[in-house]
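Student: Structure in structure tokens, see below.
Since every read-out is calculated from the coordinates, none of them should be taken as a lab result. Only a predicted model underlies this, so the values are computations on that prediction, with no experimental measurement involved. Cβ placement follows ideal geometry from the backbone for every residue including glycine, while neighbour counts extend to all protein chains displayed.
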Amino acid sequence: MKKTILEKSGEVFLKYGFKTATMDDIANELAISKKTIYKYFKNKEQLVDESVLFFHNNIHNSILCICNKGYNAIEENFEVKIMFKDIFKNLNESPVFQLQKYYPKTYEKVMSSEFEMFKDCISENIKKGIKEGLYRKDINESVISRFYFSLVFSVYDTTLFTQQNKTLNQLEIEALEYHTRAIATDKGIKILEKQLEKI
């Protein structure tokens, strides 16, 4: 039952927002009483915390599935981008921004874990791209991973950009293009441009 509550509450938080969604909303979606939810979670903050980490792990597993499908390094990054677009397509406001604003402790926890996951994924992607001749051999994998992480998460910074779903999606694509152009070979640039034409 706890796993079911975590799955459904994650959906509800994404649908209504972390601040707006209530325990009543989650109970109604699950057709259970609030009392049942409180059997597993002492308050909404704990539910947000655990459901976000549960959601984060599911996303990580989805990324690993994409990485095992045999795409080249550049296609792989675009497939991951498409996955995120599909997950967050109905949102008016970035979930990262909402967490940072309303649940800063959960945000800190997630960002720390996100960096480790992101660093490993990007590092593997860079090695793959170099091997495929799509990325330059002279790049510093560790530094590039950190640059890209900072770049991707800067699009959620409200002091830099307006928080709107369409804007966010476009900014994420621009960040991916910027990152790829910075490290790609001529062969890689051709694949990048094909991916951009598809979008």
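Student: Kyte-Doolittle mean at least 0.0 and Cα extent at least 24 Å along the axis: which DSSP H helices of the chain qualify?
Tutor: Details: long enough: 44-67 (34 Å, 0.31); 104-131 (39 Å, -0.76); 165-183 (28 Å, -0.59).
Sorted by number, the helices that extend far enough and score high enough are 44-67.
Student: List the lysines whose Cα sits under 21 Å from the Cα of Lys2, skipping any in the same chain fewer than 8 residues away.
Tutor: Lys15, Lys34, Lys35, Lys39, Lys42, Lys44, Lys109
Student: Separate question: For Lys81, list the aspartates and glutamates whose Cα falls under 14 Å from its own Cα; do not include residues on the same chain fewer than 8 positions away.
Tutor: Straight-line reach from Lys81, under 14 Å: Glu172, Glu174, Glu177.
Student: Same structure again: Which value at 222 nm does the chain reach when only helices count, each DSSP H run of 4 or more adding -39,500 (n - 2.57), with the total divided by all residues and rounded to the nearest 500 deg cm²/dmol?
Tutor: -25000 deg cm²/dmol
Student: Ok, one more. Could you give the nm distance between label points at Asn68 and Lys131, where each point is 7 Å from its Cα heading toward the beta carbon?
Tutor: So the two model labels end up 1.6 nm from each other.
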